[in-house]
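In what follows, a structure is listed as structure tokens, so that the remarks can point back to it.
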Amino acid sequence: MKRLEAIAAIHGRLQDCIVVTIMGAVAAELQSLGHRPNFFYLQHAMGLASSVGLGIALSKPAARVVVLDGDGSVLMNLGGLTTLARYRPRNLTHVVFDNESLLSVGGFPTATATGSDIAGMAAAAGIPRTATVRTLDDFTAAFDAALAADDLTTLVAKVEAVGPAGFVTDLGLLENRFQFARHLRGLPETP
Amino acid sequence: MPVSVDASRIIYDALKACGVSVVSALPETWLVHLIRMAEDDPDMTLVRLAKEEEGVGIATGAHLAGARSVMLMQNHGFLQSINGIVSCAQLYRIPLVMLISHRGWFGERDPWQTEGGLVTIPVLDALRIPYETLDARDHVAHRIAKAMTLAHSTNRPVALLLGRDLMWEDG
Ligand SMILES: Cc1ncc(C[n+]2csc(CCOP(=O)(O)OP(=O)(O)O)c2C)c(N)n1
């Protein structure tokens, strides 16, 4: 499965969610499918997208938060999986696109290429719902199930190590940040 | 334990008075009472971190969602968090308020704290993070309020160093 196809398959569902992505390829692919004020692209700060998602999920329990993460980024903040599990925000769905690669910096393999299992580590960290999927149908079914389950989920989607040619878009980092904050603050406080 | 409960209470009350509703923390000796106060407060969201840098992400998420937060950590945790501070809080203009216990500084008895003590202020300066030290009870509330105001007017990180004279009761 290609990550772009996987994001396209859930793009409709993301309209009603608060979405935080990692940098580079994932951010550019989601933007190429259509930017929304409820999408925040955390460029550069490797590892912290899941922590930003946790901060939002705890502060806005009525919002459904989706983090689009990467294997290299998760590996840089493995302790964050234990923090996610500890607070278990039921409104957070953590999707990890595992291309077994640091794609955005030239495609060097990560440790998932030699067997490190992110869903296994997430489960061992205490995340209540985890899965690894390899096909588009399984991905969309598992994503929908995660939203419906209303519980913290780490969903690892094994994807091909391909992405867009460039990552800079005409959406400024701060433009995105302030637009997103304004959107988020306008949402209702309680479920 | 000679960590001052009274000073911790003054700090905690000042944070509450500023509207802080999220505290992310990684414990160290000087912070134990502050963390317990956050734990015992039903209106406070306390996030216990595995590594301090996560706290920068949590503060960012909380701020974007409209909540006021602070990070509680020792200076080695600040050193641990630097890329998050630069690549998340500074790049995205987040009013990150950090309360940092200044270990390894004048009066320090633990040899292992001393290298971090020496570099804390130079690193804050290198990052252009404004800071004040809290070292006497009578200025705590005022300096915390000013730090919070500056962080939110600049949309940038601001640090408060918790000094030994405030936090430690037997010198
Ligand atoms: C601390 C730090 N080290 C290195 C980089 C350079 N870098 C940018 S993107 C990236 C790879 C991210 O990998 P992954 O999360 O798997 O996402 P992918 O690029 O594969 O989509 C790296 C190493 C960085 N941004 N920050």
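The values are calculated or read from the model by the stated rules, or taken from the named source; none is laboratory data. All of these numbers come straight from a predicted model, not from anything done at the bench. Cβ atoms come from the backbone with ideal geometry, glycine included; neighbour counts cover every protein chain shown. To get the accessible areas, we keep the full protein, side chains included, count just its heavy atoms, and leave off ligands, DNA and RNA. Shrake-Rupley method; radii C 1.70, N 1.55, O 1.52, S 1.80 Å.
Name every residue in the range A:13-27 that is open to solvent by less than 10 Å² (accessible area, probe 1.4 Å), in a loop (DSSP other than H, G, I, E, B) and within 22 Å of B:Arg93 (Cα to Cα), in order of residue number.
A:Gly24
Give me the helices (runs of 4 or more DSSP H) completely within the range A:69-125, filtered to those with at least 2 residues that are surrounded by fewer than 19 Cβ atoms within 10 Å (Cβ to Cβ) and more than 14 Å from chain B (Cβ to nearest Cβ), ordered by residue number. Break it down into steps so the answer makes sense when it comes.
Details: elements: A:71-75, A:78-87, A:118-125.
The helices (runs of 4 or more DSSP H) meeting that bar are A:118-125.
Of everything in the range A:13-27, what is within 15 Å of the ligand (Cβ to nearest atom) and either acidic (Asp, Glu) or over 11 Å from the mean Cα position of the chain (by Cα) (or both)? Give them in sequence order. Steps first, answer last, please.
Here is the first cut: in the range A:13-27, the residues within 15 Å of the ligand (Cβ to nearest atom) are A:20-27.
A:Gly24, A:Ala25 - these are the residues of the range A:13-27 that are within 15 Å of the ligand (Cβ to nearest atom) and either acidic (Asp, Glu) or over 11 Å from the mean Cα position of the chain (by Cα) (or both).
Can we say B:Leu72 is more than 16 Å from the ligand (Cβ to nearest atom), facing chain A (nearest Cβ under 9 Å), of a type outside the set (Phe, Trp, Tyr) and in contact with a Gly (Cβ under 9 Å, 6 or more places away or on another chain)? Please lay out each step first, then the result.
Working: more than 16 Å from the ligand (Cβ to nearest atom): yes; facing chain A (nearest Cβ under 9 Å): no; of a type outside the set (Phe, Trp, Tyr): yes; in contact with a Gly (Cβ under 9 Å, 6 or more places away or on another chain): yes.
No: the conditions fail for B:Leu72.
Quickly run through the range A:91-108 and pick out the residues that are more than 16 Å from the chain's Cα centre (by Cα) and more than 10 Å from the ligand (Cβ to nearest atom).
None - no residue of the range A:91-108 is more than 16 Å from the chain's Cα centre (by Cα) and more than 10 Å from the ligand (Cβ to nearest atom), so the list stays empty.
Give me the pairs, please: first residue somewhere in the range A:163-179 and in a loop (DSSP other than H, G, I, E, B), second residue anywhere and hydrophobic (A, V, I, L, M, F, W, C), beta-carbon distance under 6 Å, and either six or more positions apart or on two chains.
The qualifying pairs are A:Gly163/A:Ala25; A:Gly163/A:Leu103; A:Pro164/A:Ala28; A:Phe167/A:Ala28.
So A:Leu30 clears everything in (1) open to solvent by 10 Å² or more (accessible area, probe 1.4 Å); (2) away from every other protein chain (no Cβ under 14 Å); (3) within 14 Å of the ligand (Cβ to nearest atom) except one condition, right? Which one?
(1)
Looking at the range A:46-58, is at least one residue closer than 18 Å to B:Ala89 by Cα, open to solvent by less than 20 Å² (accessible area, probe 1.4 Å) and outside any helix (DSSP H, G or I)?
Taking the range A:46-58 as the starting set, the residues that turn out to be closer than 18 Å to B:Ala89 by Cα are A:46-56.
Those still in the list that are open to solvent by less than 20 Å² (accessible area, probe 1.4 Å) too: A:47-56.
When the remaining residues are screened for being outside any helix (DSSP H, G or I), the result is A:47-48.
Checked against the condition, which is being closer than 18 Å to B:Ala89 by Cα, open to solvent by less than 20 Å² (accessible area, probe 1.4 Å) and outside any helix (DSSP H, G or I), the range A:46-58 yields at least one hit.
Keeping to the range A:44-63, report how many residues are more than 7 Å from chain B (Cβ to nearest Cβ) and farther than 16 Å from B:Ser81 by Cα.
First pass over the range A:44-63, keeping only residues more than 7 Å from chain B (Cβ to nearest Cβ): A:46-47, A:49-50, A:57, A:61-63.
Restricting the remaining residues to those that are farther than 16 Å from B:Ser81 by Cα gives A:57, A:61-63.
Residues that pass the stated criteria total 4.
Exactly one condition in (1) hydroxyl-bearing (Ser, Thr, Tyr); (2) near the ligand (Cβ under 8 Å from one of its atoms); (3) out of contact with any helix residue (DSSP H, G or I) (no Cβ under 9 Å at 6 or more places or on another chain) is false for A:Thr114; which is it?
(2)
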